[in-house]
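Comments concern the structure below.
The values are calculated or read from the model by the stated rules, or taken from the named source; none is laboratory data. Quick caveat: nothing in here was measured; it's all calculated off a predicted structure. Positions of Cβ are generated from backbone atoms using ideal geometry, with glycine treated the same way; all protein chains shown enter the neighbour counts.
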Amino acid sequence: MKNKVDIQITGKISFSKHLALWVLAMCLSTIFSYLVAPDDPYWVEYRKHSAGEIVRDIIINFLMCGIVAEISLWINNVLNRKLAWTSKPRLRLFLQATLNVVSCAIFIVFVYYMTIQIAGEKYRISTRKELIGCIQWLLTTTIVSLFISGINTINYLLSNWKTALLETTELKLKAAQLKEATMEAELQALKLQIDPHFIFNNLSVLSELILEDPQLGHDYVEHFAKVYRYLLVNSTKNLITIGEEVQFLESYVFLLKKRFGNGIDIQINLENEIFNQNIPPFTLQLLVENAIKHNQTPKSQPLIIQIYQENKETIVVKNTINPLLSGFESTGIGLKNIEARFSYLLNHLPETIKTEDFYIVKIPIKST
């Protein structure tokens, strides 16, 4: 599985949430500025202000607090991308706090400079009391900035936690599905090992071959042994090389050809360059078995199964369609088993395509 990495949350906030943060910043600014300097002439004479002056002050305060909030959010989002909390939390805390304080100081200096340029020298700081008021303003702005930063950080960490929780749950679910699929594959392999029909059919063919052609009978026994050896050795593995799977499939096809004769035509056309890549064991065999299980195999119209390489990342299993006359309905267990194992082990699902004449399964393969 992939190594655990920091989950990066974009931190995108809707317009309504931005607006709510602006309002919150303005309220905090008003509260903190009063708590820091309740005896300031502005608060002492607040009731004497006209409605127009109060509205003007609210608008100015709202805009300035909004700018402070946006700067704080921007700093957080940049640090989220460059320095995640999980990598160096102490350095992140120091940088975030420092950048917020510095940005507030720069913002206040900028506002002070622009005020003098626009409104004139009467707003220049000339007394100790005015300097203290400016420092109090900086303190209030910094508190608001850090408060907004804290809210955004909590939201970021909660989002990370929720995402990590969802990923953990998904991994547990996939692990359970893989376990179920693996058990099903092992069961199918075990059934094939002890299936009396499978054994009886092969022994029947073998007895005939021994009488007709002893050498061919000997070859049949060798391929039969290879099939069983593969089943015993690889039934508990998650992945197998394509080369090993093809060798097993060739022996399996040899047995099928002696049983069905010209009723089936299985064509394997795979390049050696992909033989070191991996797929779950029995994938090709299950697809061949399903094709035979659900279709007729008359010699006059043989079932054609083609296994070929579409590209370096995909194997195609394609068979003609000639449904059984009995109207046998497929449960789809074999394909579901393959899909479950591919989903967990390769993080890709096989693609199935059914046309009027063909049933096609495209299998992703895993590079070593």
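Being farther than 20 Å from Phe224 by Cα and touching a Lys or Arg at 6+ places or on another chain (Cβ under 6 Å) holds for only one residue in Asn272, Asn278, and it is Asn278.
Test Leu79 against the stated conditions and say whether it is aliphatic (A, V, I, L, M), modelled with pLDDT of 75 or more, in a helix (DSSP H, G or I) and surrounded by 15 or more Cβ atoms within 10 Å (Cβ to Cβ). Yes: the conditions hold for Leu79. Out of Ile305, Ile266, one residue alone is part of a strand (DSSP E or B) and closer than 21 Å to Val205 by Cα. It is Ile266. Using the structure shown, decide if Gln117 is within 21 Å of Leu28 (Cβ to Cβ) and modelled with pLDDT under 75. Against the criterion (within 21 Å of Leu28 (Cβ to Cβ) and modelled with pLDDT under 75), Gln117 does not qualify. Residues that are modelled with pLDDT under 90, surrounded by fewer than 17 Cβ atoms within 10 Å (Cβ to Cβ), part of a loop (DSSP other than H, G, I, E, B) and touching a helix residue (DSSP H, G or I) at 6+ places or on another chain (Cβ under 8 Å) do occur in region 311-321, at least one of them.
Restricting the first member to region 10-26 and to residues that are farther than 12 Å from Glu70 by Cα and modelled with pLDDT of 75 or more, and the second to residues that are in a helix (DSSP H, G or I) and of a type outside the set (S, T, N, Q), the beta-carbon pairs closer than 6 Å and six or more apart or on different chains are Met26/Phe62; Met26/Cys65. Filtered by the rule that a residue be among the small types (Gly, Ala, Ser) and surrounded by 18 or more Cβ atoms within 10 Å (Cβ to Cβ), region 235-250 gives a lone residue, Ser235. Report yes if Thr297 is in contact with an Asp or Glu (Cβ under 8 Å, 6 or more places away or on another chain) and either modelled with pLDDT of 90 or more or buried (at least 16 other Cβ atoms within 10 Å of the Cβ) (or both), otherwise no. It is false that Thr297 is in contact with an Asp or Glu (Cβ under 8 Å, 6 or more places away or on another chain) and either modelled with pLDDT of 90 or more or buried (at least 16 other Cβ atoms within 10 Å of the Cβ) (or both). In the set Phe275, Phe282, Phe248, Phe254, only one residue is of a type outside the set (Lys, Arg) and farther than 21 Å from Pro350 by Cβ; that residue is Phe254. Among the residues of region 234-251, some residue qualifies, meaning at least one is more than 37 Å from the chain's Cα centre (by Cα) and more than 21 Å from Asn311 (Cβ to Cβ).
Out of Lys258, Lys237, Lys226, one residue alone is part of a helix (DSSP H, G or I) and in contact (Cβ under 8 Å) with a residue 40 or more places away in the chain. It is Lys258.
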